[in-house]
Amino acid sequence: MEISKAQNERMVYINERGFPVTENSLSGAELLEMAGFAANEYNLYLVYDQYKSQEIKPNENIEIQNGLRFNAVLKPA
C-alpha cells in the first residue's frame, strides 16, 4: 500500500513562513535553501519557545516533525 504524498507531508516554519516537507530529515543548509536563504550568509535556529532556541549547523541533520519552527538570521558582517 502506497502512502500518498499528502499523508506523508509535514509543515515546518522558517521565519513564520510555512513549507511542506515530505523528507524524514533535512540538513540545516537544506532547510535554509528551501526558504530562499544562503547557508553561507544565514544562521538557522530551531525555536523551542519565545525564550529558547538552538543553532542548527549547515551540515547538521534534523528529524522533521510537523510544526517545527526555525528562524533564519543574517550572520554578522
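The values are calculated or read from the model by the stated rules, or taken from the named source; none is laboratory data. Everything numeric in this text was worked out from a predicted model, so none of it was measured. Here the Cβ positions follow ideal geometry from the backbone for every residue, glycine too, while neighbour counts run over all protein chains shown.
Computed quantities for the displayed model
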| read-out | value |
| --- | --- |
| Residue count, segment 42-60 (criterion: part of a loop (DSSP other than H, G, I, E, B) and either modelled with pLDDT under 95 or exposed (fewer than 11 other Cβ atoms within 10 Å of the Cβ) (or both)) | 3 |
| Flag if Ala38 is part of a loop (DSSP other than H, G, I, E, B) and either touching a residue at least 24 places away in the same chain (Cβ under 8 Å) or out of contact with any Lys or Arg (no Cβ under 8 Å at 6 or more places or on another chain) (or both) | yes |
| Those residues of segment 34-60 which are touching a Ser or Thr at 6+ places or on another chain (Cβ under 9 Å) and of a type outside the set (Phe, Trp, Tyr), in sequence order | Ala39, Leu46, Val47, Ile56, Lys57, Pro58, Asn59, Glu60 |
| Long-range neighbours under 8 Å by Cβ, at least six apart or interchain, first residue at positive phi within segment 51-73, second at pLDDT 95 or above and not aromatic (Phe, Trp, Tyr) | Gly67/Arg10; Gly67/Met11; Gly67/Val12 |
| Among the residues listed as Ala6, Ala39, the single one being at pLDDT below 95 and aliphatic (A, V, I, L, M) | Ala6 |
| Selected residue (only one of Val21, Val12 is touching a residue at least 40 places away in the same chain (Cβ under 8 Å) and touching a Gly at 6+ places or on another chain (Cβ under 8 Å)) | Val12 |
| In segment 25-39, the residues that are in contact with a helix residue (DSSP H, G or I) (Cβ under 9 Å, 6 or more places away or on another chain) and surrounded by fewer than 17 Cβ atoms within 10 Å (Cβ to Cβ) | Ala38 |
| So Glu63, is it in contact with a Ser or Thr (Cβ under 7 Å, 6 or more places away or on another chain), acidic (Asp, Glu) and surrounded by fewer than 10 Cβ atoms within 10 Å (Cβ to Cβ) | yes |
